[in-house]
Amino acid sequence: MTLVTGAPPYPPNYPKPVERTDGIAREILLAALLASPRDAGDLDKLASRFSKRYARGLLPRWVLRRVFELDPEVRAAAQERPDAAAALLRLLTTKSVRSRSGIVPISLFLKPFGCPAQCVYCPSERHMPKSYLSDQPAVRRALRHDFDAYGQVAARLEQLRLGGHPVDKLELIIQGGTFSHPPRRYREEFLTGVFAAANGAAASDELTLELAQRLNERAPHRVIGITVETRPDWITLEEMAFLRHLGVTRVELGVQTLDDRISALTQRGHDTADVAQATRLLRDAGFKVGYHLMPGLPGATSDDDVESARQVFDDPRFRPDLLKLYPCVVTRFSELEAWVLAGRFVPYSETQVRETLAGIKRLVPRYVRIHRVFRDFTADDIRHGSRVSHVRDVVQADLAAAGTPCRCIRCREVGESARPDAPLTLQTTSYEAAEGHEHFLEYVDAHDRVHALLRLRFPGPAAIATAAAAPDTAISSVAATALYDALPELAGCALVRELHTYGRQVRIATTDANAAQHQGLGRALLAEAERRARAAGYARLAVISGIGVRDYYRRLGYDLIGSYMIKRLREAPSVDSP
């Protein structure tokens, strides 16, 4: 029996021969509808019996779900046993962690453009984006589509949908070396293809980025955020304005270390002053700022790495919003491999990696989210150094046993256990950062789990001094800087750099009584930010909104001005404004 007429084409990574795969999947699903497996483990045991019978590996869950949706025999059996079918669909949802933070992340890769830097630890495989290797899972997906933006997004959306994930709120993470290095025309074409795929429209030469973005405001798959990776020394006013033109909302900087001695030794090519300047520029333009840190570099000790991390959080020039911690390992195609063979470098042992990461995580403030720990290199890619890819879990257990659990947002976010009726408290953490004043607002429950957060920034030392001296009066002036020449719409604005509700993703325009999303927490946080900005003397509040969230802010009184959603809080002629 064949699949339904008009079925979508098979994805490139569908196990072949496809007819045989469909037949095995059909038998597994029909048996599962009769057996009603209790959990994912039971389903895997059942599936493995058929896999052994046909001498095939275990079929991915998304393959089973595709056949569940498209095979007439399975659909008929599901209609006869609706309760069993609903339970089976829940078991076919793969890695629910992907969407329990409230959005679905999709990693994309630019085609290889090289990188002008010569860092000794970066792998440089031919025909691959700098610092990435061809057998990494996300890179393999990009290779299947020859790094085409439209193909990457469309295929990933279908695979996530088949995995049971809502795919109407997307966070795009664009990787592949230094984002600021390729020509602007290529980057604009890449983002146009991204939005076209998210809009469900065919790519065409006539489609402009502006039109694709406008269509995405009400598209079936809305882009709520775009992240890029770049170097601190590539951040300029002109580059930031271009990033906003593209729709970028978060910038991750390859900092690696704040020890200039180690940066020079590893030929990084920038110093601490570059990091501080990039951080200030990005924050004053409203971007969320992430740092990539690399413990265990040549010339570093575990104590050096912990002290460098302490400076990240203690020095107000820095204090990023998020971290990715990538312990240094020696990979194929890196200059560092020759250093090891020559006796010039010995990477950290697994014990040193654990102890160093634990020391860093103990320092992390509650306003920081640790997104990742360890790069997703395969064991074969790593020539020397730790191969424990689940080191985050190991370190978490070490910290819990020591009574010093990590306080980062990811370790505290509510996830799928959100209860809308749980009493919540609004907690504020205020701190200076990059010559501005930050207010980190979060709704937390009795267990200190974060349900929603907002990052509010009052930029510039003049604004801070005036607000502190006269919090109930209008600011007399805002320092005129080159920033406002590049982004004039921000003059005189307080900034909302992030608004995020955690918990299981709820589809747009729907509610779920058992989920934290769409329960009014975001509106409440935004109202509090408006109140604080008004009290500090700001006449306007600007939000660095994702393209697909613009309608949400319009309903709350915000207008699109330039590339930001901006609301006038009150008339205040004494504040400089465009």
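The values are calculated or read from the model by the stated rules, or taken from the named source; none is laboratory data. No experiment lies behind these values; they were computed from the predicted model shown. Ideal geometry is used to build each Cβ from the backbone, glycine not excepted, and the neighbour counts take in all protein chains shown.
Is it the case, given these coordinates, that Asp376 is outside any helix (DSSP H, G or I) and among the acidic types (Asp, Glu)?
Criteria met by Asp376.
The rows are residues; the columns are (1) buried (at least 16 other Cβ atoms within 10 Å of the Cβ); (2) among the hydroxyl-bearing types (Ser, Thr, Tyr); (3) part of a helix (DSSP H, G or I); (4) under 32 Å from the mean Cα position of the chain (by Cα).
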{"site": "Pro15", "(1), (2), (3), (4)": "yes, no, no, yes"}
{"site": "Glu19", "(1), (2), (3), (4)": "no, no, yes, no"}
{"site": "Arg26", "(1), (2), (3), (4)": "yes, no, yes, no"}
{"site": "Asp42", "(1), (2), (3), (4)": "no, no, yes, no"}
{"site": "Lys52", "(1), (2), (3), (4)": "no, no, yes, no"}
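Are any of the residues in the stretch 133-145 within 16 Å of the chain's Cα centre (by Cα), surrounded by fewer than 22 Cβ atoms within 10 Å (Cβ to Cβ), closer than 30 Å to Gln267 by Cα and touching a residue at least 60 places away in the same chain (Cβ under 8 Å)?
yes
Does Ala533 meet the test of being at pLDDT 95 or above and either of a type in the set (A, V, I, L, M, F, W, C) or surrounded by fewer than 20 Cβ atoms within 10 Å (Cβ to Cβ) (or both)?
Taking the combined requirement at face value, the residue satisfies it.
Scan the stretch 103-132 for residues that are crowded, with 19+ Cβ neighbours inside 10 Å and assigned to a strand (DSSP E or B) and jot them down.
Listed by number, the residues that qualify are Val104, Ile106, Ser107, Leu108, Phe109.
Conditions first: (1) over 23 Å from Cys411 (Cα atoms); (2) buried (at least 18 other Cβ atoms within 10 Å of the Cβ). Lys361 passes all but one, so which condition is the exception?
(1)
Within the stretch 350-379, can you find the residues that are among the β-branched types (Val, Ile, Thr) and free of Cβ contacts under 8 Å to residues at least 12 places away in the same chain?
Correct list: Thr351 only.
Considering only the stretch 54-73, state which residues are assigned to a helix (DSSP H, G or I) and closer than 24 Å to Arg156 by Cβ.
Filtering the stretch 54-73 for residues assigned to a helix (DSSP H, G or I) gives 61-70, 72-73.
Passing the criteria: Arg61, Trp62, Val63, Leu64, Arg65, Arg66, Val67, Phe68, Glu69, Leu70.
Residues are listed down the side, and each one gets a yes or a no for (1) modelled with pLDDT of 95 or more; (2) surrounded by 18 or more Cβ atoms within 10 Å (Cβ to Cβ); (3) not in a helix (DSSP H, G or I):
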residue: Val167; (1), (2), (3): no, yes, yes
residue: Gly177; (1), (2), (3): no, yes, yes
residue: Glu189; (1), (2), (3): yes, no, no
residue: Gly193; (1), (2), (3): yes, yes, no
residue: Ala202; (1), (2), (3): no, no, yes
residue: Pro220; (1), (2), (3): no, no, yes
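Scan the stretch 454-463 and tell me whether some residue there is under 23 Å from the mean Cα position of the chain (by Cα), at pLDDT 90 or above and surrounded by fewer than 21 Cβ atoms within 10 Å (Cβ to Cβ).
In the first step, residues of the stretch 454-463 are kept if they are under 23 Å from the mean Cα position of the chain (by Cα); the result is 454-457.
Next cut, at pLDDT 90 or above only: 454-457.
With the extra rule that they be surrounded by fewer than 21 Cβ atoms within 10 Å (Cβ to Cβ), the set shrinks to none.
No - not one qualifying residue is present in the stretch 454-463.
On the basis of being at pLDDT 90 or above and touching a strand residue (DSSP E or B) at 6+ places or on another chain (Cβ under 8 Å), does Leu108 make the cut? Can you show your working first?
Values: at pLDDT 90 or above: yes; touching a strand residue (DSSP E or B) at 6+ places or on another chain (Cβ under 8 Å): yes.
It is true that Leu108 is at pLDDT 90 or above and touching a strand residue (DSSP E or B) at 6+ places or on another chain (Cβ under 8 Å).
Which of the residues belonging to the stretch 263-302 are among the polar types (S, T, N, Q), assigned to a helix (DSSP H, G or I), crowded, with 22+ Cβ neighbours inside 10 Å and touching a residue at least 24 places away in the same chain (Cβ under 8 Å)?
Residues of the stretch 263-302 among the polar types (S, T, N, Q): 263, 266-267, 272, 277, 279, 301-302.
Okay, now just the ones that are also assigned to a helix (DSSP H, G or I), so 263, 272, 277, 279, 302.
Okay, now just the ones that are also crowded, with 22+ Cβ neighbours inside 10 Å, so 263, 279.
Within the stretch 263-302, Thr279 is the sole residue that qualifies.
Could you please find all residues in the stretch 540-556 being part of a loop (DSSP other than H, G, I, E, B) and either surrounded by fewer than 23 Cβ atoms within 10 Å (Cβ to Cβ) or in contact with a Pro (Cβ under 6 Å, 6 or more places away or on another chain) (or both)?
Hit for the stretch 540-556 is Leu556, nothing else.
Condition (residue is modelled with pLDDT of 95 or more, within 17 Å of Cys119 (Cα to Cα) and surrounded by 20 or more Cβ atoms within 10 Å (Cβ to Cβ)) applied to the stretch 303-310: is it met by at least one residue?
Going residue by residue through the stretch 303-310, those that are modelled with pLDDT of 95 or more are 303-310.
Subsequent filtering for residues that are within 17 Å of Cys119 (Cα to Cα) retains none.
Looking through the stretch 303-310, none of the residues is modelled with pLDDT of 95 or more, within 17 Å of Cys119 (Cα to Cα) and surrounded by 20 or more Cβ atoms within 10 Å (Cβ to Cβ).
Suppose we filter the stretch 329-349 for residues that are in contact (Cβ under 8 Å) with a residue 40 or more places away in the chain and either in contact with a strand residue (DSSP E or B) (Cβ under 9 Å, 6 or more places away or on another chain) or of a type in the set (D, E, K, R) (or both); how many remain?
Matching residues across the stretch 329-349 total 13.
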